[in-house]
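See structure below.
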């Protein structure tokens, strides 16, 4: 391929990129890179081609081309080629490459081999399931994976599932004196076996509802009062939201609670909770998330 022809293909690739026609852009870059893999601008072409496949959720190609992009990027300097490779390698469960990519980006990892299961703090992730969106809290296991800490209200999503999220924040949440980023979900990596249930509870005091949440938490199960959910427009969701201001004014009274637990265990915990107080704690109408009586 002559350089003049290559230049025209790069120009077409850039035009396709501007139109967000990711597949066309990636394939045009690949045609050029097959002949000019190591020219001065080639590193940028490898990066853009890999990124286009990431946008397309073609993780095999994002992984393949991402390795080439990272091989031409400086280590330890926060180059995004390593971050995108880390995501693709994580999705592909290529843990050795993922570890090397995060270290290449400049992130210190705990010693070890294989899957990264550490504590990278908490963050928020915007779940996306066919147009429905819900922001949940996660415990980050690595730079791109998080375990869901809430009981999602979105049908089909579950407490405890592990999601892969993007690396660029798209909003933030503040609580107390802390601020955390909101990342967009890229895919559900590991589903949770815990079903989602609904129940109506009567908690005379706020402490009663707190005790119910704690009872499920101790067993590594989930309990999410209705007052924890807040509807936001898409514009507000991608901005800064003060979770303290959004907090429910009271946690006492009758309200619905979302539970993440096997049915039998949920009934046991609810009965124990109600029996531990003579001041009016009660529950009724335990249902599955699909609306059937449990």
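The values are calculated or read from the model by the stated rules, or taken from the named source; none is laboratory data. All of these numbers come straight from a predicted model, not from anything done at the bench. Neighbour counts are summed over all protein chains in view; Cβ atoms, including those assigned to glycine, are modelled from backbone coordinates with ideal geometry.
Report yes if some residue within the stretch 25-32 is closer than 27 Å to residue 143 by Cα, surrounded by 13 or more Cβ atoms within 10 Å (Cβ to Cβ) and touching a strand residue (DSSP E or B) at 6+ places or on another chain (Cβ under 7 Å); otherwise report no.
No, the conditions are met nowhere in the stretch 25-32.
Has the stretch 189-205 got any residue that is touching a residue at least 24 places away in the same chain (Cβ under 8 Å), closer than 30 Å to residue 107 by Cα and surrounded by fewer than 15 Cβ atoms within 10 Å (Cβ to Cβ)?
yes
Residues that are under 21 Å from residue 121 (Cβ atoms) and not assigned by TED's automatic domain parsing to the domain that holds residue 261: list the strands (runs of 3 or more DSSP E) wholly contained in the stretch 178-225 that include at least 2 such residues.
Because the criterion is at least 2 residues that are under 21 Å from residue 121 (Cβ atoms) and not assigned by TED's automatic domain parsing to the domain that holds residue 261, the strands (runs of 3 or more DSSP E) in the stretch 178-225 that meet it are 178-190.
Could you please let me know if residue 56 is surrounded by 16 or more Cβ atoms within 10 Å (Cβ to Cβ), within 22 Å of residue 34 (Cβ to Cβ) and outside the structural domain of residue 142 (by TED's automatic domain parsing)?
no
Just to be sure I understand, how many residues within the stretch 151-177 are in a loop (DSSP other than H, G, I, E, B) and on the phi < 0 side of the Ramachandran plot?
Of the residues in that region, 15 qualify.
Find the residue count for the stretch 241-262, including only residues that are modelled with pLDDT under 95 and over 21 Å from residue 134 (Cα atoms).
6
Report yes if residue 151 is within 25 Å of residue 119 (Cα to Cα), crowded, with 16+ Cβ neighbours inside 10 Å and free of Cβ contacts under 8 Å to residues at least 24 places away in the same chain, otherwise no.
Against the criterion (within 25 Å of residue 119 (Cα to Cα), crowded, with 16+ Cβ neighbours inside 10 Å and free of Cβ contacts under 8 Å to residues at least 24 places away in the same chain), residue 151 does not qualify.
Return yes when residue 67 is outside the structural domain of residue 167 (by TED's automatic domain parsing) and under 20 Å from residue 105 (Cα atoms) and no when it is not.
yes
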